[in-house]
Amino acid sequence: MTLFPLLVLLAGGLGLVTPGSFTGGAEAVPYLLGVVMFSMGLTMTLPDFRGVVRRPWVVALGLAAQYLVMPGLGWLVAQSLSLSPELAAGVILVGCAPGGTASNVVTYLARGDVALSVSVTSVSTLFAPLLTPPLTLFLAGEFLPVDTGSMVGDILKTVLLPVLGGLLVRLLAGRYVARALPVLPWLSAITIAAIVTIVVAGSADAIKSAAALVFLAVVLHNGLGLILGYAVGRLARLGEPAGRAMAFEVGMQNSGLAASLATAHFSPLAALPAAVFSVWHNVSGALAAAWFAHRDRRLTAAPQDAGEARNP
């Protein structure tokens, strides 16, 4: 899935260049997100939740970091950059979303604790109907009106029910689902790309004037989230692999959900930060994973070099 950021970038470019081709597409966004979340449910197994039972306090720490660090950072970034009400609400909504499934792949590439990453992603997704709406109201309510009741209903319909449905299908027809597993990441990638295309097309004019500011907000939000997530894991003395998992769980969001909610409850312009985030967090995550892997190789090679120096 290393081509995923490029695919999403091309999708955004398509929506920007030919916005008229996707007029009315916003109505399809919740259904497209449902496809992504159903695919996520198909990839989940009971062992994913056994990790929660084995290390409940660690998963709880990841959940707390997810729903405290990123929402708070979203509000701080919006205030620091004096974003317009719609963009501010969009940035905050990205922060209030649960973790994204891409964090699991990036954690694997970074040689992090994949089991912890999967557990935190699963739990944060299940808690989204309870936590995302009130957090959005608390932090973004000063910028735009927030209908928490309607938002809860949308998250239940587009996130929780599809995930549980996919998990149920996996339990009942695991043999057949296993054959389709290699295809699911591509299905999700193409569907997310379609969401990005529709969201970008809906705010194509605004992008031309606000693109640089939105990009700066997204880079700050994501970058600080990765750093603080890693710091939480290390300060809690969870070990290096778990620290890396925490970094990606906190810094990488379910931007597809944020885009869908922003489009439905605010405006296409408010969905712009989520569209940009969906591209950037995959790029930054891949770069961070490559840096971690390079550091591991360097540390492994250092003792060997030292041994050769002592024994010429």
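The values are calculated or read from the model by the stated rules, or taken from the named source; none is laboratory data. Owing to the predicted nature of the structure, the values given are computational and were not obtained by experimental measurement. Using ideal geometry, Cβ is built from the backbone for each residue, glycine included, and neighbour counts are taken over all protein chains shown. For accessibility, only protein heavy atoms count, side chains too; no ligands or nucleic acids. Shrake-Rupley method; radii C 1.70, N 1.55, O 1.52, S 1.80 Å.
Being within 13 Å of Asn104 (Cβ to Cβ) and not aliphatic (A, V, I, L, M) is the filter here; which residues of segment 231-250 pass it? Once the filter is applied, which keeps residues that are within 13 Å of Asn104 (Cβ to Cβ) and not aliphatic (A, V, I, L, M), segment 231-250 yields Arg244, Phe248, Glu249.
Taking the numbered list (1) touching a residue at least 40 places away in the same chain (Cβ under 8 Å); (2) in a helix (DSSP H, G or I); (3) surrounded by fewer than 24 Cβ atoms within 10 Å (Cβ to Cβ) in turn, Leu238 passes all entries but (2). In a helix (DSSP H, G or I), farther than 30 Å from Asp205 by Cα, modelled with pLDDT of 80 or more and not acidic (Asp, Glu) - does that describe any residue in segment 68-76? For segment 68-76, residues in a helix (DSSP H, G or I), farther than 30 Å from Asp205 by Cα, modelled with pLDDT of 80 or more and not acidic (Asp, Glu): present. In the set Ala64, Ala88, only one residue is modelled with pLDDT of 80 or more and within 30 Å of Ala210 (Cβ to Cβ); that residue is Ala88.
Taking first residues from segment 12-28 that are touching a residue at least 24 places away in the same chain (Cβ under 8 Å) and partners that are among the charged types (D, E, K, R), the Cβ contacts under 9 Å between residues at least 6 apart in sequence or on separate chains come to Leu16/Lys208; Pro19/Asp205. On the stretch given as segment 260-288, residues that are under 23 Å from Leu137 (Cβ atoms) and part of a helix (DSSP H, G or I) total 11.
Only one of the listed residues (Leu76, Leu83) is free of Cβ contacts under 8 Å to residues at least 12 places away in the same chain and either in contact with a strand residue (DSSP E or B) (Cβ under 7 Å, 6 or more places away or on another chain) or surrounded by 16 or more Cβ atoms within 10 Å (Cβ to Cβ) (or both). That residue is Leu76. Regarding Val232, is this residue in a helix (DSSP H, G or I), open to solvent by 10 Å² or more (accessible area, probe 1.4 Å) and touching a Ser or Thr at 6+ places or on another chain (Cβ under 9 Å)? No: the conditions fail for Val232.
Of all residues in segment 165-182, those satisfying the criterion of being assigned to a helix (DSSP H, G or I) and either within 13 Å of Leu46 (Cα to Cα) or hydrophobic (A, V, I, L, M, F, W, C) (or both) are Gly166, Leu167, Leu168, Val169, Arg170, Leu171, Leu172, Gly174, Val177, Ala178, Ala180.
Evaluation of Pro56 against the conditions (1) in contact with a helix residue (DSSP H, G or I) (Cβ under 8 Å, 6 or more places away or on another chain); (2) open to solvent by 40 Å² or more (accessible area, probe 1.4 Å) shows that the sole unmet condition is (1). Among the helices (runs of 4 or more DSSP H) confined wholly to segment 99-163, which include 3 or more residues that are buried (at least 23 other Cβ atoms within 10 Å of the Cβ) and in contact (Cβ under 8 Å) with a residue 40 or more places away in the chain? Helices (runs of 4 or more DSSP H) meeting the threshold: 102-109, 114-140.
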